[in-house]
1. Ranked by accessible surface with a 1.4 Å probe, highest first, in what order do W572, W189 come?
2. Taking R0 as 25 Å, what FRET efficiency do you get between A399 and S22 from their Cβ-Cβ distance, rounded to the nearest 0.05?
3. As an exercise, find the ratio Rg/Rh for the chain from alpha-carbon atoms, using the Kirkwood inverse-distance average for Rh.
4. Express in nm, to one decimal, how much length is gained between N569 and S247 on full extension, taking 0.36 nm for each residue of separation and deducting their alpha carbon distance.
5. Provide the FRET efficiency to the nearest 0.05 for the R264-A361 pair, computing r from the beta carbons and using R0 = 25 Å.
6. Keeping all protein chains in position, work out how much accessible area T171 exposes to a 1.4 Å probe, and write it in Å² to the nearest 10.
7. Let's see if you can work this out: charge +1 on each Lys and Arg Cβ, -1 on each Asp and Glu Cβ, no other charges. What is the dipole magnitude of the chain about its Cα centre, in debye to the nearest 20?
8. Provide K463, K302, K167 ordered by accessible surface of protein heavy atoms (probe 1.4 Å), highest first.
Amino acid sequence: MRLSLLFPVLSPSLLVLSQTLSSYISTEQPIAKTNLLANIGAAGVKAPGAKPGIVVASPSTVNPNYYYFWLRDGSLVFKYIVDEYVSGRDTSLLSHINDFVAAQTILQGVDNPSGTAAAGTNLGEPKYYVNETAFLDSWGRPQRDGPALRITALTTYANSLLAANNKTFVTNSLWPIILKDANYVSSFWNQSTFDLWEEIQSSSFFTTAVQHRSLREAITLANAIGQTSQVSAWTTQANNILCFLQSYWNPSAGYITANTGGGRSGIDANTVLASIHTFDPNAGCDATTFQPCSDKALSNLKVYVDSFRSVYSLNSGVAESSAVSTGRYKEDVYQGGNPWYLTTLAVSEQLHLALKTWSTAGSLTITSTSLPFFQIFSSSVTAGTYSSTSSTYTTLTSAISTYADGFISIVQKYTPSNGGLAEQFDKSSGVPVSAVDLTWSYASALTAFNARAGLLSNSWGAKGLSVSGTCQSNAGPTVSVTFNVQATTSFGENIFITGSDPALSSWNPSSAIALSAANYPTWSVTVKLPASAGIQYKYIRKETDGSIVWESDPNMQITTPASGSVTENDTWR
Ligand code: NOJ
Ligand code: NOJ
């Protein structure tokens, strides 16, 4: 054993010096939980002024000021709390959960710079003051992961209430929140969002993945309580989201591209967090939903971890088979661009979830996609399925378990003696940096410890999902657009429309859409087009001999509304 493993913490305290990983976890677990709860209003000792159930991201009020409720952080924190409650591990958390429910009902009614409660567009707002009022300064908004993460926390609670025959509370208090959020996800998943790091506006893997999960959960709950009016629309969109999710995979480089925009490599903790927060204990190593032990998620993990080996001096000289500290993405400069506790812990969590899944399955499978990951631990290993009775399985899983623990050992090494977890630790010295007592850091430690102990969250129905052969190219919300054109024609001539959207035949005149002459000389047709989209089109005239006459240039252009229907009145040019 290397000396650094025997003496992982350079601290004046002899007690800490001799700590093993398991004694660190047993010391840190209650500290993390106490500190997590201390950041939740109204009773939390580090959350003065926060309303009941409001999670303060961090008690830090300057550089950075995190004294806000972020819907992402708060929902992830409450997912942990709900899991502790529904598993029976801590029933004392119920009052916090009910506070959270009441607070979310209030926040969903707050108009804010992302939109209005009446339109439901306010739900994309990322953060609020801790007194439940709108944050009005400029910010990266909207962030469309928040409503999805809130659905996941609340449906987990709802399912446990249903199992205990408390349908009334679910229908009256939880369903109204979930319904709004699910309609938001269903309507807006295909529109651009700021990513979870609040920097890049495009499509983002984490957001898409948690949106997909959340709609499946909302559909299951809707069916269970007989509130089925939206089920078919949500199912269509969930299938479309799952289809779109596949497009983030970069097959030649073996990783999941975090954002469709942003101009970076796209190697990002976004994708690791997505895998652990969409883990389903019944889904095995399914790659369609990027389960932690899927070949794609493992290949991605290796690319992600290795991207930090040369950027932090803390990591220098560490062998490829050993853990290193990791951050959001290697190009990061925020607060110095350091490793983060929650991202380093997420790596351990993904690996422990993978180990648990293989152990349940009684085997592990290596594909050509995951081979580079497994070769970290055995250079001679080849693709194939290895039963848990084989020596290859034993060799690999014990090495992976050591590697997985290594990420927690790094966090142990850079945890100060009071057990506090900030946002980051310095890339050269390892001292805590940025927001102190980050609530999300504590939640990430607690869920990573649970995964290591084999304490798993409930299934959300990922098993057996598949992607339809062709993905709808524009599957987001649509609006009805009626095209009227005044056109005089001679007998046998007909008017058609074609344009830039698939619903307008993508400029292919032979499949152009026919207009009706019922109100001649006004020709008319109504088509569904993507909402809030810029679309170009032209009318065409098909002659009796089959030849085509196009309207003159330039193309016509419309911008469709966000919802509802619209009529375009044109005259043939
Ligand atoms: C604050 C955000 O919270 C953080 O994620 C981001 O990196 C910085 N702003 C810089 O844009
Ligand atoms: C900045 C992080 O980038 C973002 O993900 C988080 O929501 C806020 N800080 C609050 O913790």
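1. W572, W189
2. 0.85
3. With Rg and the Kirkwood Rh in hand, the quotient comes to 1.03.
4. On the way: separation 322, 0.36 × 322 = 115.92 nm, distance 3.75 nm.
Full extension of this stretch gives 112.2 nm more.
5. Efficiency computed from Cβ-Cβ geometry: 0.10.
6. We get 40 Å² for T171.
7. Dipole about the Cα centre, nearest 20: 800 debye.
8. Details: K463 150, K302 30, K167 100 Å².
Solvent-accessible surface, decreasing: K463, K167, K302.
The values are calculated or read from the model by the stated rules, or taken from the named source; none is laboratory data. Please read these numbers as outputs of a predicted model, since none were measured by experiment. Backbone-built Cβ (ideal geometry, glycine too); neighbour counts: all protein chains shown. When the accessible area is computed, the model is the full protein with side chains, heavy atoms only, and any ligands, DNA or RNA have been set aside. Shrake-Rupley method; radii C 1.70, N 1.55, O 1.52, S 1.80 Å.
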